[in-house]
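Remarks on the structure that follows.
The values are calculated or read from the model by the stated rules, or taken from the named source; none is laboratory data. If you're wondering where the values come from, they're calculated on a predicted model, not measured in any experiment. Methodologically, a virtual Cβ is constructed for each residue, glycine included, from the backbone with ideal geometry; neighbour enumeration extends over all protein chains shown.
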């Protein structure tokens, strides 16, 4: 039997990629996935390339890339733009490290507030809620 390109309907493609049909259509509208020609009197068929592209998109999203950034990466996929792709990866890595730092500060703040709540024995205002209100007031007091 000769190697025949895989031919899937959009429903089969969605199932193989473990995403919804509407997600595929959305990606097509965004220009991330090509919409194959529709033969007269028939339905569109997708090949393994379309499946690989969807898997690329999902993996890139898991790594934190936005759909706009993924579109940029897909334009660089011919292998001659490795420096540009690396620069995008480095930028994403910097953003992830900044988020981690921010999340650690949030963790410390919440840990302290939760401990304060646990230490309260009397009928007083909740330290967690009071601190959030105080923080909001401080953060917005200078604005008009």
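Step by step: first the residues of the range 19-38, then only those that are assigned to a loop (DSSP other than H, G, I, E, B) and out of contact with any helix residue (DSSP H, G or I) (no Cβ under 8 Å at 6 or more places or on another chain), then the one that is modelled with the lowest pLDDT. Which residue is that?
Initial filter on the range 19-38 (assigned to a loop (DSSP other than H, G, I, E, B)): 19-20, 30-38.
Restricting the remaining residues to those that are out of contact with any helix residue (DSSP H, G or I) (no Cβ under 8 Å at 6 or more places or on another chain) gives 37-38.
Details: 37: 89, 38: 85.
Result: 38.
Looking at 37, 84, 69, can you tell me which residue is under 18 Å from the mean Cα position of the chain (by Cα) and without any contact (Cβ under 8 Å) to a residue 40 or more places away in the chain?
On the way: 37 fails: under 18 Å from the mean Cα position of the chain (by Cα); 84 fails: under 18 Å from the mean Cα position of the chain (by Cα).
Going through 37, 84, 69 in turn, the sole match is 69.
Looking only at the range 54-61, decide whether some residue is modelled with pLDDT of 95 or more and out of contact with any helix residue (DSSP H, G or I) (no Cβ under 9 Å at 6 or more places or on another chain).
yes
Among the listed residues 53, 58, which satisfies the condition of being in contact (Cβ under 8 Å) with a residue 40 or more places away in the chain, in a helix (DSSP H, G or I) and closer than 23 Å to residue 14 by Cα?
Details: 53 fails: in contact (Cβ under 8 Å) with a residue 40 or more places away in the chain.
That would be 58, the only listed residue that is in contact (Cβ under 8 Å) with a residue 40 or more places away in the chain, in a helix (DSSP H, G or I) and closer than 23 Å to residue 14 by Cα.
State the number of residues belonging to the range 112-131 that are surrounded by 10 or more Cβ atoms within 10 Å (Cβ to Cβ) and free of Cβ contacts under 8 Å to residues at least 12 places away in the same chain. Full working, then the answer.
If we filter the range 112-131 for residues that are surrounded by 10 or more Cβ atoms within 10 Å (Cβ to Cβ), which is where we start, we get 112-117, 120, 125-131.
Within this subset, residues satisfying the condition of being free of Cβ contacts under 8 Å to residues at least 12 places away in the same chain are 112, 115, 117, 120, 125-126, 129-130.
Going through the range 112-131 one residue at a time, the tally reaches 8.
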